[in-house]
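Enquirer: Quick one: the structure is below, and I'll ask about it shortly.
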Amino acid sequence: MAILIDGQWHDELDYLSGDDEGRFQRQESRFRDRIETGGRFAPAAGRYHLYVSLACPWAHRTLIYRKLKGLEGLIDVTVVDPLMGPRSWHFSDAPGCQPEPHYGFDWLWQLYLKADPHFTGVPTVPVLWDRHEETIVNNESSEIIRLFNSAFDTVGGDPTVDFYPAPLRATIDALNARIYEPVNNGVYKAGFATTQAAYEEAFESLFATLDWLDAHLADHRYLCGDRLTEADWRLFPTLVRFDAVYYCHFKCNRNRLTDLPHLWRWTRELYRLPGIAATVDFDQIKRHYFGSHRQLNPTGIVPKGGPNPFDDGP
């Protein structure tokens, strides 16, 4: 995949190539502004627009918060095409997707360059766009969900829903830190490793953490006990994709999620909460990963699989 440097595409470079030892390295998010009363980006209904991919676990977090915080009437959303080309995401009118609504752009990178003509990096989702300033407010999913958690409570968001309660913040932060590198990012580190050593390092760390989580959930309904928190919603999008994609496509094949009984119970419970299943699109998820990562799946064939395992059974 090519990369933008100072606003210009460099097709000969590949940001997925990793470090000298074959380890995948994720780029840092570039736009990190906040939405707050009295600031440059103030909370308001209809001012902000969210760009997502239904395939992307990072974008999936923001859709979950948009649903559960009651923000669907405040923040519009556009879904990009699930297939990612050499210059990242594009807009289309394929089923479940929408053309870019504000400028008629064909590519997500055009939105990035409108926000910063000298942008360096690869355009990613999610993107939280400000219609008034015509720029990107934030493209870091962990920060967007915190904005959605509280920044819109005064303009129509549901203040009774709080996934980052003050008494649990230290616990949530510690869980996020323990889970992010080996699991959320770890499946990618296994999948995009370019040496056996780098792959095995990521693989062992991933399953050691999944084993710990499975044991932890044997005694806890949710990650922080009896209350759903940000820690749960950061982990869920990774695990809901695990058996369909990461187990085979990213070679994370020691166990399926269904082989880890407490993690499986937890993931199914979250999936079945009102509104959550509607944020999960297995067709787009599979089409993206198997169709876009031609270095891993050169033919682009998308496996059919069986029925959705989250829809039936105990």
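Enquirer: Once you have a ≥ b ≥ c as the square roots of the Cα gyration tensor eigenvalues for the range 244-290, tell me rounded if a/c is under 1.5, and otherwise prolate or oblate according to whether a/b is larger than b/c.
Expert: In terms of gyration-tensor shape, oblate.
Enquirer: Next question, about the same structure. Under the classification rounded if a/c is under 1.5, otherwise prolate if a/b is larger than b/c and oblate if not, where does the range 166-273 fall, given a ≥ b ≥ c as square roots of the Cα gyration tensor eigenvalues?
Expert: On the way: a/c = 2.13, a/b = 1.55, b/c = 1.37.
Note, shape of the range 166-273 comes out prolate.
Enquirer: Can you list the residues, at least 5 places off or on another chain, whose amide H is less than 5 Å from the amide H of C56, using H built in the peptide plane?
Expert: none
Enquirer: On to the next question. Given the chain, what count of lysine pairs have C-alpha atoms under 22 Å apart, with each pair 8 or more places apart or on different chains? All intermediate terms of the calculation are to be shown ahead of the outcome.
Expert: Details: K189/K251; K189/K286; K251/K286; K251/K304; K286/K304.
Step by step, the pairs that qualify in the chain add up to 5.
Enquirer: Pick from L63, L113, L54: which residue has the top mean-square fluctuation in a GNM of the chain where Cα pairs under 10 Å get a spring?
Expert: L113
Enquirer: Another one. Whole-Hz Karplus ³J(HN,Hα) for the range 263-279, in order, using 6.51 cos²θ - 1.76 cosθ + 1.60 and θ = phi - 60°, x for Gly and Pro?
Expert: Coupling constants for the range 263-279: 5, 5, 4, 5, 5, 5, 4, 5, 4, 8, 5, x, x, 6, 4, 5, 8 Hz.
Enquirer: Moving to a separate point now. What is the set of long-range amide H partners of F41 at a cut-off below 5 Å, with H atoms built 1.01 Å from backbone N?
Expert: Placed amide hydrogens put E36 under 5 Å from F41.
Enquirer: Taking the Cβ of each residue in W58, W9 as the centre, tally the other Cβ atoms inside 10 Å and list the residues starting with the fewest.
Expert: Going from sparsest to densest Cβ surroundings: W9, W58.
Enquirer: Quick one: H249, H118, H220, fewest Cβ neighbours within 10 Å first, how do they rank? The partial results should precede the final answer.
Expert: Details: H249 19, H118 10, H220 14.
With the fewest neighbours first, H249, H118, H220 line up as H118, H220, H249.
Enquirer: Residue by residue, what Karplus-based ³J(HN,Hα) values in Hz, rounded to whole numbers, does the range 64-81 have, using 6.51, -1.76 and 1.60 with θ = phi - 60° and x for Gly and Pro?
Expert: 4, 5, 4, 6, 6, 8, x, 9, 5, x, 9, 10, 6, 9, 10, 9, 7, 5
Enquirer: Quick one: Y199, Y103, Y180, fewest Cβ neighbours within 10 Å first, how do they rank? Display every interim value, and only then the final one.
Expert: Working: Y199 21, Y103 10, Y180 16.
Ascending Cβ contact count within 10 Å gives the list Y103, Y180, Y199.
Enquirer: Does the range 83-205 come out rounded, prolate or oblate by the C-alpha gyration tensor, with a ≥ b ≥ c the root eigenvalues, rounded set by a/c under 1.5 and, if not, prolate when a/b is larger than b/c and oblate if not?
Expert: oblate
Enquirer: Additional query: For P(r) over Cα pairs in 10 Å bins from 0, in percent, the listed values are [x] 5, 24, 31, 23, 12, 4, 1, 0; [y] 6, 26, 36, 25, 7, 0; [z] 6, 25, 29, 19, 11, 7, 3, 0; which was obtained by calculation from the structure presented?
Expert: Answer label, from the structure shown: [y].
Taken together, the values in this text are just the output of simple stated rules run on the coordinates, not laboratory data. In this text the structure is predicted, and so the values were computed from the model without any measurement. Note that each Cβ is placed from the backbone with ideal geometry, even for glycine, and that neighbours are counted across all protein chains shown.
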